[in-house]
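What follows is a single structure, written as structure tokens, with notes after it.
The values are calculated or read from the model by the stated rules, or taken from the named source; none is laboratory data. Just so it is clear, the model here is predicted, and its values are computed rather than measured. Cβ atoms come from the backbone with ideal geometry, glycine included; neighbour counts cover every protein chain shown. We work out accessible area using only protein heavy atoms, side chains counted, and drop any ligands, DNA or RNA first. Shrake-Rupley method; radii C 1.70, N 1.55, O 1.52, S 1.80 Å.
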Amino acid sequence: MLVTLGLLTSFFSFLYVVAPSIRKFFAGGVCRTNVQLPGKVVVITGANTGIGKETARELASRGARVYIACRDVLKGESAASEIRVDTKNSQVLVRKLDLSDTKSIRAFAEAFLAEEKQLHILINNAGVMMCPYSKTADGFETHLGVNHLGHFLLTYLLLERLKVSAPARVVNVSSVVHHIGKIRFHDLQSEKRYSRGFAYCHSKLANILFTRELAKRLQGTGVTTYAVHPGVVRSELVRHSSLLCLLWRLFSPFVKTAREGAQTSLHCALAEGLEPLSGKYFSDCKRTWVSPRARNNKTAERLWNVSCELLGIRWE
């Protein structure tokens, strides 16, 4: 008993000593550019909380006019108020955007285009994770509809404003779990078989394929695009999974804060000289490897065409 107690004491003492080093390792990369953004306009989806909120805070601190586009306007106003105070930037605005409803997406885009003549950075950050099976207002499976199709439509509607504001960037927040994902064209809405964990992975693969195809179609326009893995981050995204909420608490030293999770999005939005890497996937502020499925150009093109059909748009 005494031996066991001694071993446990030694183990926890060791953890206490090395914890700062462990924490620093799992914190990941840091956006180190000093680029300032006075006069620049930014739209960030889901910026009322988590990674999006910290991304908005940093871009506002650099002088940008930041639009927090989110479903919960009250949370958005609370976040915006906090950011305005922290950054001394009054140009942090909140607008209603529900990515699960194409009418809301179109209404947001129409109002934004009437309000702003420029758009320099679009960060498609919002997302849902491990939801019970449900469909959006337009009949899309929720993960596919919100994480992929919602941002696909939003980018389409804002693209001309990005082009006239070039150089401009589109950042799509994906995940390392895209390695597990598949694009199941025979059951895209998961009506035949559904796993809420795999549904999330499928949608994150779709984000990378969208980024890849978008980069190809944007060549020569001055608009570039990047997909990012923010890391394993403490955020509200895991709220639908009690198990993940518990694991995030137990392993908190190994989980990034929202501020740390925002670093790769910020890197891809701001870093100089990144244009030749348009369409690529980043983690910890550097380009990293994607799965073979995420490199499949035929799948990317087919997903693009199917997405246009589902949304009723023509995007050449």
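Annotations for the structure displayed:
- Spatial offset of the stretch 36-67 relative to the stretch 176-214 amounts to 28 Å, using the alpha carbon center of each.
- Reachable lysines from Lys192, criterion Cα separation under 29 angstrom, eight or more residues apart if same chain: Lys103, Lys135, Lys182, Lys204, Lys298
- FRET efficiency, 1/(1 + (r/R0)^6) with R0 30 Å, evaluated for Lys96 and Cys131 via beta carbons: 0.90
- With DNA, RNA and ligands ignored, accessible area of Leu310 (1.4 Å probe; Å², nearest 10): 70
- Under 20 Å from the Cα of Lys88 - aspartates and glutamates, other chains or at least 8 residues apart: Glu54, Glu58, Glu77
- Euclidean distance between Cα centres, the stretch 277-316 to the stretch 87-148, Å: 19
- Net charge over other residues, Cβ less than 15 angstrom from the Cβ of Val94 (K, R count +1; D, E count -1): +2
- Computed from the Cβ-Cβ distance with R0 of 35 Å, the FRET efficiency linking Lys117 to Leu74 stands at 0.75.
- Integer Hz, Karplus 6.51/-1.76/1.60 couplings in order for the stretch 70-77, x for Gly and Pro: 8, 6, 8, 5, 5, 4, x, 5
- Applying the Karplus relation 6.51 cos²θ - 1.76 cosθ + 1.60 with θ = phi - 60° to the stretch 187-195 yields 3J(HN,Hα) values of 8, 4, 8, 6, 7, 8, 8, 9, 10 Hz, where x marks Gly and Pro.
- Shown here for the stretch 36-111: trypsin sites (Lys or Arg not before Pro) in loop regions (DSSP other than H, G, I, E, B) with at most 12 other Cβ atoms within 10 Å, namely Lys88.
- Of the GluC sites (Glu not before Pro) found in the stretch 144-213, those that fall in a DSSP loop while having at most 11 other beta-carbon atoms within 10 Å are Glu191.
- Within-14-Å neighbourhood charge of Tyr194 [Cβ basis; K, R +1; D, E -1]: +3
- Sequence-distant residues sharing a close amide H with Ala168 (under 5 Å, placed H): Val223, Thr224
- Placing a label point 7 Å from the Cα of Arg184 along the Cα-to-Cβ line, the residues of the stretch 137-161 whose backbone N sits under 19 Å from it are 139-149.
- Spin-label model, Val306 to Ser81: label points 7 Å out along the Cα-to-beta-carbon direction sit 4.5 nm apart.
- In straight-distance terms, cross-link reach from Lys117 covers every one of the lysines whose alpha-carbon lies under 16 Å from its own, apart from those fewer than eight places away in the same chain; here that gives Lys40, Lys163.
- Summed residue charge, Cβ within 11 Å of Leu270's Cβ, Lys/Arg positive, Asp/Glu negative: +2
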